[in-house]
1. Under 7 Å by Cβ, and 6 or more places apart or on different chains, what pairs join a residue from the stretch 159-173 that is within 23 Å of Val146 (Cα to Cα) with one that is charged (D, E, K, R) and buried (at least 21 other Cβ atoms within 10 Å of the Cβ)?
2. Pick out, from the stretch 166-207, the strands (runs of 3 or more DSSP E) lying fully within it that include 3 or more residues that are closer than 12 Å to Glu140 by Cβ and of a type outside the set (Asp, Glu).
3. Among the residues of the stretch 114-132, which ones are in contact (Cβ under 8 Å) with a residue 60 or more places away in the chain and either of a type in the set (Lys, Arg) or assigned to a strand (DSSP E or B) (or both)?
4. Only one residue in Ala97, Ala135 is loosely packed, with under 15 Cβ neighbours inside 10 Å, among the hydrophobic types (A, V, I, L, M, F, W, C), assigned to a helix (DSSP H, G or I) and without any contact (Cβ under 8 Å) to a residue 24 or more places away in the chain, so which one is that?
5. Provide a single number: the residues in the stretch 166-198 that are surrounded by fewer than 17 Cβ atoms within 10 Å (Cβ to Cβ) and under 16 Å from Leu127 (Cα atoms).
6. Could you check Gly161 against (1) on the phi < 0 side of the Ramachandran plot; (2) part of a loop (DSSP other than H, G, I, E, B) and say which number it fails?
7. Look at the stretch 42-66 and say how many of its residues are over 17 Å from Glu80 (Cα atoms) and surrounded by 17 or more Cβ atoms within 10 Å (Cβ to Cβ).
8. Could you give every pair whose Cβ atoms fall below 9 Å, whose first residue belongs to the stretch 34-57 and is without any contact (Cβ under 8 Å) to a residue 40 or more places away in the chain, and whose second residue is among the hydrophobic types (A, V, I, L, M, F, W, C) and part of a helix (DSSP H, G or I), counting only separations of at least 6 or pairs across chains?
Amino acid sequence: MPDGSSARSTNWSRRGVDGAMANRPAITAADILPAAEYAALRSGWRRRIGAAKRLRRLEVGPHVTFHFENWQTLWLQVQEMLHIERGGAAQLPDELAAYNPLVPNGRELVATFMIGIDDADRRRRVLGRLGGIEATAFIEVAGHTVPGVAEADQDRSTADGKASAVQFVHFPFAPAQIAAFRVAGARVVLGLSHPEYSHMAVLPEPVRAALAEDFD
């Protein structure tokens, strides 16, 4: 357990954060730890959820890293924003509105993917050619292709064809596709098919197994 008393442990479990995560449709105000309590336990939560996040991350090509979200990763993000910006109860509705659309609904996978290039000039040139990349993400499993759908309320490509370095995408699965994804050892491919960035990567089995838990 993270640093803290057994009473706090009971409180975490009640909030649904501690232990194995059941799929939940949204983060609510009742799930959020008070600022002082979170600050006291922050390092433990960051270690614990950080370990889980390592099984939810995959590099695709030389510049893009996908981070698959779930209730737990997004709960941590909300807590971190509140901790850093210290906006308290007034800030919380905006954070919930920003992150709840990314909580998987039990029939999908949801990812943040980041385009990372250290050199600023090169990054600007590459992003200038990658407009629309968020619409080219896909997952392949057992002969099925699951196209990615860009987060509806996030405008991540400009009219002149420049992509944001951070993108949000949903992968909605049909029941047969979920069943195929859940098969132990299934070959699952994550990719991007943009004309300027066409790359694929096979999910390692520990990553596939972790993501399979996102489905109801």
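1. Matching pairs, first to second residue: Gln167/Glu134; Val169/Glu134.
2. 188-194, 197-202
3. Looking only at the stretch 114-132, we keep the residues that are in contact (Cβ under 8 Å) with a residue 60 or more places away in the chain, and these are 126, 129-130, 132.
Within the stretch 114-132, Arg129 is the sole residue that qualifies.
4. After ruling out the rest, the residue left standing is Ala97.
5. So the count comes out to 5.
6. Only one criterion is unmet by Gly161, namely (1).
7. So the first thing to find is which residues in the stretch 42-66 are over 17 Å from Glu80 (Cα atoms), and the list is 54-66.
Filter once more, keeping what is surrounded by 17 or more Cβ atoms within 10 Å (Cβ to Cβ): 56, 58, 60, 63-64, 66.
Qualifying residue count, the stretch 42-66: 6.
8. Leu41/Trp12; Arg46/Leu76; Ile49/Trp75; Ile49/Leu76; Gly50/Leu76; Lys53/Leu76
A short reminder: the numbers here are calculations on the coordinates, not readings from a lab. All values derive from a computational prediction rather than experimental measurement. For neighbour counting, all protein chains shown are included, and Cβ atoms are generated from backbone atoms with ideal geometry for every residue, glycine included.
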